[in-house]
Amino acid sequence: MTRDAMTQLFDHCRAELERGVEREYVTGNNDADGPFLLMWAREHFPEQADALRQRLVNWGGNASGEHIANIDNLGNVHPDTFWWDHHLGNVRERPFSEIWRDTRDPLMLGMRQRPRPRPVKGRCAECRFLDICNGNTRVRAWKVTGDPWEEDPGCYLTNEEIGVSDGGERRVAAPYKAIQATEL
């Protein structure tokens, strides 16, 4: 369903551009959209795909814990807008700048690991698009497996597409569907 929706969005954007309509579209909370866009572009605009790939690499993929934060209504700081149960500190007790620069928290240290990539596991660790998606959304991995560095169960790309050798099917698809509707 996600693939179909993304393809419809890409086709719609292309049709608008062909009619002279310039509009920006943003997808959210699934950094697999970048690699999927690249695959779509390779099919429809192969001469521009390498430049698009470089732009996606420069964009950097998921920015949780690096360029995205969340401060909730109580002043608690979180690594992103979806990770409300992981507290980094409170702005009522300590300035945000100090909280955000502090990498003693193992999660923050991993999210900011340099050189990249993040210390991801499973399909994400082997993915040929890791430099584009940056391991996607870590909170989904944590909610499903209890380990924030496991593969993101929200990635809708097949193993074949991402260059993983053990077939074309997802390993974690079923548990994610149950949690997606109720918890994320």
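The values are calculated or read from the model by the stated rules, or taken from the named source; none is laboratory data. As the structure is a computational prediction, the values presented were derived from the model and not from experiment. Virtual Cβ from ideal backbone geometry, glycine too; neighbours counted across all protein chains shown. The area values use the complete protein model at the heavy-atom level, side chains included, leaving out ligands, DNA and RNA. Shrake-Rupley method; radii C 1.70, N 1.55, O 1.52, S 1.80 Å.
A compact table of results
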item: Looking only at the stretch 1-38, and only at residues there that are among the acidic types (Asp, Glu) and assigned to a helix (DSSP H, G or I), the one that is nearest to Gly154 (Cα to Cα); result: Asp33
item: Per-region count, the stretch 121-144, residues farther than 24 Å from Asn76 by Cβ and in a helix (DSSP H, G or I); result: 9
item: Candidate set: the stretch 145-175, residues that are modelled with pLDDT under 95, of a type in the set (A, V, I, L, M) and not in a loop (DSSP other than H, G, I, E, B); chosen: the one surrounded by the most Cβ atoms within 10 Å (Cβ to Cβ); result: Ala173
item: Residues located in the stretch 1-20, provided they are open to solvent by less than 50 Å² (accessible area, probe 1.4 Å) and either hydrophobic (A, V, I, L, M, F, W, C) or under 15 Å from Ile162 (Cα atoms) (or both); result: Met6, Leu9, Phe10, Cys13, Ala15
item: Residue under evaluation Gly61, criteria (1) within 27 Å of Ser165 (Cα to Cα); (2) modelled with pLDDT of 95 or more; (3) open to solvent by less than 60 Å² (accessible area, probe 1.4 Å), criterion not met; result: (2)
item: Test for Phe36: is it open to solvent by 70 Å² or more (accessible area, probe 1.4 Å), within 17 Å of the chain's Cα centre (by Cα) and among the aromatic types (Phe, Trp, Tyr); result: no
item: Cβ pairs under 6 Å, 6+ apart, first in the stretch 98-114 and over 16 Å from Gly135 (Cα atoms), second small (Gly, Ala, Ser); result: Ile99/Gly89
item: Criterion: more than 20 Å from the chain's Cα centre (by Cα) and either over 18 Å from Thr137 (Cβ atoms) or in a loop (DSSP other than H, G, I, E, B) (or both) - qualifying residue of Arg118, Arg104; result: Arg104
item: Residue check, Asp80 among the acidic types (Asp, Glu), touching a strand residue (DSSP E or B) at 6+ places or on another chain (Cβ under 8 Å) and either open to solvent by 20 Å² or more (accessible area, probe 1.4 Å) or in a loop (DSSP other than H, G, I, E, B) (or both); result: yes
item: Test: residue in the stretch 69-76 that is open to solvent by 70 Å² or more (accessible area, probe 1.4 Å), assigned to a strand (DSSP E or B), in contact (Cβ under 8 Å) with a residue 12 or more places away in the chain and of a type outside the set (D, E, K, R); result: yes
item: Top-ranked residue in the stretch 39-57 [being under 20 Å from Thr158 (Cβ atoms) and not basic (Lys, Arg); ranked as most open to solvent (accessible area, probe 1.4 Å)]; result: Glu43
